[in-house]
Amino acid sequence: MAGLLCDGPTGLYLSCLDPRTAAEVAQVPVQALELVGDRVQQAREAGLAWRERPLAARKQAVAALHQAFLEAGPRIVALLAEECGRPAGEAWTSEVVANHDLFQWWLSQIDDLLISLPLDLSPINYPRKTGRVQLDAVGVIGLISPWNLPVAIPLRAIVPALLAGNAVVWKPSEHSPRTAELLLELMRGCLPEGLVQVVQGDGRWGQAVIDAGVDAVFFTGSVRTGRAVNLRCAERFLPCSLELGGKDAAIVLADADLDRAVEGIAWAAFAFGGQNCAAIERCFVHASIYPSFLAKLKARVERLRPLRDVGPLITPAQLALVQEHVAEALAGGATLVCGGGAPGPGWFHEPTVLADVSPTMRLMREESFGPLLPIRSFDDLDEAIRLADETPYALTASVWTRDLDLGETIGLGLRAGVVTVNNHAFTGALPQGTWGGPGETGGGVTNSRFALYHMVRPRTVVVDALSQPHEMWWFPYNEALERLSRGLIELQREGGAKLPGLRGALSGFTARWKDL
Ligand code: NAD
């Protein structure tokens, strides 16, 4: 078996390596691929009863999960350290506090968001008909998630999906199976049996979830995998939401609050060890402040503490990629401002700032997904904007300036799904806002009512109160129908909907229609 998937005396398992030490710390059993179909079937059966429950009852169960989740905060933080090398401060803010907001927001909003929308039907054209668009659960949602926010990313789909009446079959990353087991344990205490299924394994198990008859797919991960997932879903006509990579840019204008910009950009570049889809991976700084920005940034980054502030990379392969990006940039003439080494422990790489980079270097074009911050100065703002947009990704971008209006104007001109002024990346934690961007970022939407719309199917229901025996548009087509159509248009152009008696006249007409 390849990679983390191993075949032991008791069957398949995932070997869990602590990236801080590279040592195996646990093993998680993996079920046979052939059983994935059964899991989807079990979820479907549990989901049928779940969607029949009143929304208040579904909310009650999800609220219980919310409480269990908060109680489990210390366990989640400890596990994230071991599984992803996540510093405790980061795990608390990004994976516990942010998810508390997530539960609260969806629980407080879901009644309004799921409300049926009445059809505003013209009483002239559609007499005595009433209708609505109601939002039905899609059924079983296939969720395939990455390792880098192994609690927040799946919960952003699971919480609204459940509230909307869906079941979920979740394939977590093979690099974070234990957090998935912990979340499943919490769910078992609060949700009906089988409603959320966890399928452990590598990419083949993800593919099997897509093939096993789910009704929609939510995928977060790399562009390469996202493309394969998208194609597979297309073959099955499965709605598919894709949240893929990023190569975020920050533009620092001459009037920026330098201290804040340095603090904020250092955080957004090096949080999660740079392994964040919305990490700042390219920074453009106005030439007039370039030297002072670099000096301050160097001082700040050199104070970051290994494993306390910045965690390790997740795999040796990811470490090797980061090292390649650094070596190639240095060979191409970039200046090393600070960092550059990979002294360990485990797969730790120093937070690294490179100045005077060229736009053609790999670390300016490809997602590094590591603790690298390449910086380039600019004189001409248009040139900085052009370079910021020169990427197939379009997740988030930020502008740093004291001129808030100008910052917003520049931001809105950038090709990015999320734009921030004097801040970066934290917006993924806002359940009210949208997350996601076009291009190779995948075009999906996470968070907000717009994410919910991927988890429900709008269904139109119209009831006719048997007001008349015959509709005007039914057969036969004849001269009278044409005259009536012309008349209706004339009347409506003159505000005829308000004319008294018109509705009765029309009913009378259609009642005699067949005889005309
Ligand atoms: P990945 O693409 O390697 O894996 C993601 C998931 O897909 C895993 O569960 C994996 O097992 C599964 N998978 C692999 N091959 C598959 C296949 N053929 N069919 C179905 N499933 C398959 O990504 P990763 O390394 O876990 O995560 C890092 C990537 O995710 C980065 O590119 C990052 O930018 C991106 N990401 C994006 C967002 C976002 O919101 N846009 C958030 C987090 C991470």
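The values are calculated or read from the model by the stated rules, or taken from the named source; none is laboratory data. Note that the coordinates shown come from a computational prediction; the quantities given were computed from them, not determined experimentally. Note: ideal-geometry Cβ built from the backbone for every residue, glycine included; neighbour counts use all protein chains shown. These area figures cover heavy atoms from the full protein model, side chains too; ligands, DNA and RNA do not enter into them. Shrake-Rupley method; radii C 1.70, N 1.55, O 1.52, S 1.80 Å.
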Legend entry - For the chain: accessible area per residue (Å², 1.4 Å): 43
Inset, instruction - Report ³J(HN,Hα) in whole Hz for each residue of segment 463-470, in order, from the Karplus equation J = 6.51 cos²θ - 1.76 cosθ + 1.60 where θ = phi - 60°; Gly and Pro get x. - result: 10, 9, 7, 6, 6, 8, x, 8
Legend entry - Space enclosed by the convex hull of the alpha-carbon atoms of segment 248-430, per residue, Å³: 104
Legend entry - Cα-based reach from Lys298 at 15 Å (exclusive), listing aspartates and glutamates while leaving out same-chain residues under 8 positions away: Asp259, Glu263, Glu350, Asp356
Legend entry - chymotrypsin sites (Phe, Trp or Tyr not before Pro), loop per DSSP, at most 12 other Cβ atoms within 10 Å - longest free stretch of the chain: 1-236
Inset, instruction - If a cysteine in the chain has no other Cys Cβ under 4.7 Å from its own Cβ, put it on the list, ordered by number. - result: Cys6, Cys16, Cys84, Cys190, Cys277, Cys283, Cys338
Legend entry - For Trp170, distant residues with modelled amide H under 5 Å away: Leu143, Gln197, Val198, Val199
Inset, instruction - Quick one: what are the phi-derived ³J(HN,Hα) couplings along segment 207-222, Karplus 6.51/-1.76/1.60 with θ = phi - 60°, whole Hz, x for glycine and proline? - result: 4, 5, 4, 4, 6, 8, x, 5, 9, 7, 10, 10, 10, 10, x, 6
Legend entry - Inter-site label distance for Ala68 and Tyr453 at 7 Å from Cα along Cβ, in nm: 3.3
Inset, instruction - Counting only C-alpha contacts under 8 Å and six or more residues apart, can you give the relative contact order of the chain as a whole percent? - result: 17
Inset, instruction - Quote the FRET efficiency, to the nearest 0.05, computed for Asp356 versus Arg53 with a Förster distance R0 of 60 Å and r equal to the Cβ-Cβ distance. - result: 0.50
Legend entry - With 5 Å bins from 0: P(r) over segment 122-266, alpha-carbon pairs, percent: 2, 8, 16, 17, 14, 9, 7, 7, 7, 6, 3, 1, 1, 0
Legend entry - Listed residues Lys296, Lys247 arranged by accessible area, highest first, probe 1.4 Å: Lys296, Lys247
Legend entry - Spin-label pair Asp101/Arg303, simplified geometry with 7 Å Cα→Cβ offset, distance in nm: 2.5
Inset, instruction - Report, in whole Å, the centroid distance computed from the Cα atoms of segment 135-167 and segment 304-335. - result: 32
Inset, instruction - Would you grab the residues whose amide H sits under 5 Å from the one on Cys338? Only those 5+ places off in sequence or on another chain, please, with H modelled 1.01 Å from N. - result: Val353
Legend entry - In segment 156-251, GluC sites (Glu not before Pro) in a DSSP loop with at most 14 other beta-carbon atoms within 10 Å: Glu193
Inset, instruction - Taking a cut-off of 15 Å between Cα atoms, list the aspartates and glutamates near Lys247, but don't count ones fewer than 8 places away on the same chain. - result: Glu281, Glu366, Glu367, Asp389, Glu390, Glu440
Inset, instruction - Return the aspartates and glutamates within reach of Lys129: Cα separation strictly under 13 angstrom, same-chain partners fewer than 8 residues apart disregarded; answer none if there are no such residues. - result: Asp120, Asp464, Glu471
Legend entry - Overall Cα dimensions of segment 1-84, principal axis frame, Å, largest first: 47, 35, 17
Legend entry - Helical mean residue ellipticity (222 nm; -39500 (n - 2.57) per DSSP H run of 4+; nearest 500) of the chain: -12000 deg cm²/dmol
Inset, instruction - Output ³J(HN,Hα) for segment 92-107: one whole-Hz value per residue in order, computed from phi by the Karplus curve 6.51 cos²θ - 1.76 cosθ + 1.60 with θ = phi - 60°, and x for Gly and Pro. - result: 4, 6, 7, 10, 10, 4, 4, 6, 4, 4, 4, 4, 4, 5, 5, 5
Legend entry - Folded to 0 to 90 degrees: helix 73-84 orientation relative to the chain principal axis, Cα: 60
Inset, instruction - Using amide H atoms built 1.01 Å from N in the peptide plane, name the residues 5+ places from Gly443, or on other chains, whose amide H lies under 5 Å from its own. - result: Leu244, Gly437
Inset, instruction - With the full set of protein chains in place, find how many percent of the accessible area of the chain is carbon and sulfur; take the probe as 1.4 Å. - result: 55
Legend entry - Gained length - Arg236 relative to Leu330, 0.36 nm times residue gap less alpha-carbon distance: 29.2 nm
Inset, instruction - Find how much the distance from Leu430 to Thr10 grows on full extension, using 0.36 nm per residue of separation minus their present alpha carbon separation; answer in nm with one decimal. - result: 146.9 nm
Legend entry - All-pairs alpha carbon distance profile, the chain, 20 Å steps from 0, percent: 21, 45, 24, 10, 1
